[in-house]
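Report on the following structure.
Taken together, the values in this text are just the output of simple stated rules run on the coordinates, not laboratory data. Not measured: the values here are computed from a predicted model. Cβ sites come from the backbone with ideal geometry, for glycine too, and all protein chains shown count toward neighbours.
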Amino acid sequence: MKRAAGYLNAAMAVSAFASLASLGACATRPPASDPEARQEFDQTNDPLEPTNRFFYGVDNTLQRYTFKPAAQAYVAVTPAPVRNSLHNFIANLGSPVLLVDDVSQAKPKRATDTVMRFVINSTLGLAGFLDFAKGLGFPAHDSNFGVTLALWGIPSGPFLYLPIVGPSSVRGVTGFAVDQAVNPFDYVPTGLGLHTLNWATYVVGAVDTYSRIYKDYDREKAGALDPYATFRSLYRQYTKAEIEAARADQRGSQPAYYKQ
């Protein structure tokens, strides 16, 4: 699930979120006379569950008949070294947004790594197709503004399942929209052809990301009595681990091979 939504247009998430709000189908909170059921309901934090389940069904159909065939075709016709190079190139283009996330999280050491990786991979790494920086002691990391909001103490809000974007939350959708809003490549002059590059990276990035997770997705779905509840739980586990990893990351700004 690693930032698959990050390669899609923010308007999709905002539009889907608006659709959820307009449909307004909510699960009924158990009465106070049933405290155990009410506690379980509150812990699940999924008041829009009927609507979320509907959108899960839509998304599951899209994945089965669109995303999965596209990912399988991509893997079949594209050699692994080329896929890895494209993955590195797209990740490198995301460095400016990642830098904003690092700085907003008050992580200067991670921010230094991001800057160094962008400079090194954009030059020695041939525009980012090669992860040259990793070999020089600047490891990759991932984050998003949803993690930033969590570190600021903003609660996740209700669980959301959005078509194309997948499992998320109010905090997650907000963070996703902010990440897209600060992407400098969205503000380039139209005459430079970079808008075409943006859309190409969105599409290739989404296919590349899905090609890396669809087998795990199918395996989890096949082994689940209630796939929707399983993916809701997995999303929350992954998000919690992502937040804790960012909070605990106190890496040094010097290269990893440096010894004092």
For this session: Can you tell me the FRET efficiency between Ala245 and Val182 if r is taken as the Cβ-Cβ distance and R0 is 22 Å, rounded to the nearest 0.05?
Result: 0.50
Exercise. Among Lys109/Lys134; Lys68/Lys221; Lys68/Lys134, which pairs are too far apart, with a Cα-Cα distance over 19 Å?
Worked result: Lys68/Lys134
Exercise. Taking Rh as the Kirkwood radius computed over C-alpha pairs, what is the Stokes-Einstein D of the range 169-254 at 10 °C in a medium of viscosity 1.306 mPa s, expressed in µm² per second?
Worked result: 97
Exercise. Rounded to the nearest 20 Debye, what is the dipole magnitude of the range 64-204 about its Cα centre when Lys and Arg each give +1 and Asp and Glu each give -1 at the C-beta?
Worked result: 280
For this session: Could you tell me the distance between the Cα centroids of the range 62-96 and the range 153-209, to the nearest Å?
Result: 16
Seminar exercise, completed: Between Arg64 and Asp142, the two model label points (7 Å from Cα along the beta-carbon direction) sit apart by a distance in nm of 2.6
